[in-house]
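Encoded as structure tokens, the structure appears first; notes follow it.
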Amino acid sequence: MEEIIQSKCGLCVAHTLHDAYSFIKSLQHRGREACGIFALGNNRLDVIKWKGAVTKVDLVDLHKIFPAHLYHTFGAHVRYATKGREDKILEDAHPHVIGGKIDDRGTHIIIRNCDAIAIHNGQVNFKEQECDTKLLLKYYLKNKEKSLVENIPGSYILAIADKKRNQVLVMRDRFGVKPACLGFKDGKYCIASEDIALIENGARFIEDLDAGVAYYLTNDGNCKKTIISQNFSKRHCFFEWNYIADQRSLINGLSVLKLRQELGKALAEEFHPNDTDIVTFLPRCPEGAARSYSKALGVEHKFLPVFYKLRGERSFQGTTKEDRASSIESNLHILPEAEKKIKGKVVLMIDDSTIRGNNSRHACNLLRKYGAKKIYLVNYTPKIGIIGSDKIQRGCLFGVDMPPGDDFIVLDKTKKMNATNEEIDLKLGVKTHFLSVEKMLETFEKAGIPRTSLCTFCIGGEHPFRK
């Protein structure tokens with residue numbers, strides 16, 4: 001089994017509890033299943049983990065659990081799961097710990113006097129054997145950071161607090177798959193998965209974390225860097241730009257919104273049916289692409305927001321299939337003022353990607369309910385989960401919840417082969433189009449990210465860690 005330390009999440013490290021809480025709240029779009037915070041002080045390391053969103057626990061009460069005078073550095077983590085372990089949400093939630101006394105309160109867990117903890121975003125290959133984050137933490141405690149970075153392939157942003165060191169170590173994998181950045185606030189350094197967490201909360205962006213480099217956040221707020229291993233080609237996750245990151249973020253120096261807008265233009269070049277009456281999008285991620293698509297074709301007058309969400313949660317992050325379905329059906333609706341405008345019209349709906357087809361089916365059903373004559377479902381991400389030219393099933397092994405063998409809409413599972421375009425259309429009941437791999441890679445290159453710097457495994461590319 002490969003790359004099995006799984007965490008598709010967001011994290012931060014700061015020097016006040018208020019900042020850690022605020023930063024991770026700004027990263028809520030990266031996970032909503034569980035949240036955890038660690039607090040490091042002189043000769044003490046304590047943890048709290050709870051189910052649900054960040055705001056399920058008030059900051060006022062967290063200050064009572066973690067009195068400010070006892071701690072100097074805090075870290076926080078939001079998680080979305082890859083497997084349906086509803087009965088073990090708190091066990092799977094980060095931080096993962098070595099040592100400590102556990103106090104299980106049902107909806108939350110408090111762990112006092114830990115020896116070491118780890119939080120991370122990504123997925124790690126640990127000697128081709130199944131393991132968990134605690135095993136990774138044990139490996140670090142025995143072999144230290146240099147051995148971990150050089151010998152454990154994977155995609156990760158990893159933060160480790162070790163009571164003996166009395167500082168927090170943060171590392172980005174040597175391929176730079178997962179994003180994270182260094183910030184500065186109130187005279188002290190901090191770290192977050194995306195710069196939006198810094199910007200929204202009064203911190204200054206300094207730089208993206210360098211791949212294969214160890215960052216040491218000391219108790220006085222300084223940050224020291226040590227290069228461990230930089231002799232590897234970068235393999236950034238393109239899906240961070242296409243879907244995962246907040247549209248206001250910069251990832252590796254490239255604006256997420258700008259890239260999505262350019263992907264919208266690329267779609268317009270590749271697919272532009274002349275019978276479209278309305279151009280819309282499946283909220284909220286693809287809005288920038290849909291607007292630029294309309295502008296590129298000179299049909300801005302046809303752009304019309306049709307859907308709304310009651311909550312900003314992403315159904316993609318649901319723990320189980322049932323949870324995802326419930327999130328979709330209860331959250332996605334047609335705007336009242338759009339209902340009459342849809343009737344008898346040809347609607348072109350832009351989405352970031354179609355993985356399992358759950359969102360798309362519900363959206364298309366809503367459009368039909370209100371009388372849409374014809375629907376185009378257009379994706380600015382190529383087909384994810386195909387069987388590659390090497391006959392190997394694709395999916396993500398590196399930190400997104402779409403592993404090989406998943407229920408991909410682009411597969412014919414009975415025949416164990418890729419579905420044809422017509423078969424995909426039949427599954428969804430609409431005409432579909434997926435941006436070509438070549439067009440997407442061209443778009444990234446025009447925006448300044450070489451195609452050789454991207455991991456494209458999930459859409460048919462080579463394994464990023466193997467030559």
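Some values worked out for this structure:
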quantity: Cα-projected label distance for Asp58 with Ser147, points at 7 Å along beta-carbon direction, nm; calculated: 4.7 nm
quantity: Prolate/oblate/rounded call for the range 109-263, Cα gyration tensor, a/c under 1.5 rounded; calculated: oblate
quantity: Too-long pairs where the Cα-Cα distance tops 28 Å, listed order kept, from Lys369/Lys439; Lys295/Lys446; Lys25/Lys163; Lys188/Lys446; calculated: Lys369/Lys439; Lys188/Lys446
quantity: Length gained when the stretch Phe184-Asp104 is fully extended (0.36 nm per residue, less Cα-Cα span); calculated: 25.3 nm
quantity: Cα gyration tensor shape of the range 189-250, rounded if a/c is under 1.5, else prolate or oblate by comparing a/b with b/c; calculated: oblate
quantity: Residues Arg44, Arg311 arranged by fewest to most Cβ contacts within 10 Å; calculated: Arg311, Arg44
quantity: Unsatisfied cross-links (Cα-Cα over 20 Å) in the set Lys391/Lys427; Lys144/Lys234; Lys383/Lys427; Lys144/Lys224; Lys51/Lys138; Lys49/Lys134; calculated: Lys391/Lys427; Lys144/Lys234; Lys51/Lys138
quantity: Calculated from backbone phi, Karplus (6.51, -1.76, 1.60) coupling profile of the range 343-358 in Hz, x at Gly/Pro; calculated: 4, x, 9, 8, 10, 9, 10, 9, 10, 5, 6, 10, 9, 9, x, 5
quantity: Value at 222 nm in deg cm²/dmol, rounded to 500, when DSSP H runs of n ≥ 4 in the chain each add -39,500 (n - 2.57); calculated: -7000 deg cm²/dmol
quantity: Relative contact order of the range 224-287, defined on C-alpha pairs under 8 angstrom at six or more residues apart (%); calculated: 21 percent
quantity: Proximal aspartates and glutamates relative to Lys343, as straight alpha-carbon distance under 18 Å, when same-chain residues fewer than 8 apart are discounted; calculated: Asp275, Asp277
quantity: Contact order normalised by residue count of the chain, Cα under 8 Å, 6+ apart, percent; calculated: 13 percent
quantity: Fraction of antiparallel bridges per DSSP, the chain only, in percent to nearest 5; calculated: 80 percent
quantity: Potential extension, Lys343-Arg165 segment - 0.36 nm per residue separation minus Cα distance; calculated: 57.6 nm
quantity: Between helix 437-446 and the chain: long-axis angle, C-alpha atoms, 0 to 90°, nearest 10; calculated: 60 degrees
quantity: Positive-end residue of Gln167, Ala68, Tyr293, charge dipole of the chain with Cβ unit charges; calculated: Ala68
quantity: Residues Ser229 and Arg44, FRET efficiency given R0 of 30 Å [Cβ-Cβ distance, rounded to 0.05]; calculated: 0.40
quantity: Links that overshoot a 24 Å alpha carbon limit, given the list Lys309/Lys345; Lys345/Lys415; Lys373/Lys413; calculated: Lys345/Lys415; Lys373/Lys413
quantity: DSSP-defined beta bridges in the range 240-459 - what % are antiparallel, rounded to 5; calculated: 35 percent
quantity: Size of charge dipole - the chain - debye, nearest 20, with Cβ of Lys, Arg +1 and Asp, Glu -1, no other charges; calculated: 180 debye
quantity: Prolate/oblate/rounded call for the range 240-459, Cα gyration tensor, a/c under 1.5 rounded; calculated: rounded
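Read-outs: derived from the displayed coordinates by stated rules, not from any lab. Just so you know, these numbers come straight off a predicted model, no measurement behind them. Because the Cβ atoms are built from the backbone with ideal geometry, glycine has one as well, and the counts that use them run over all protein chains shown.
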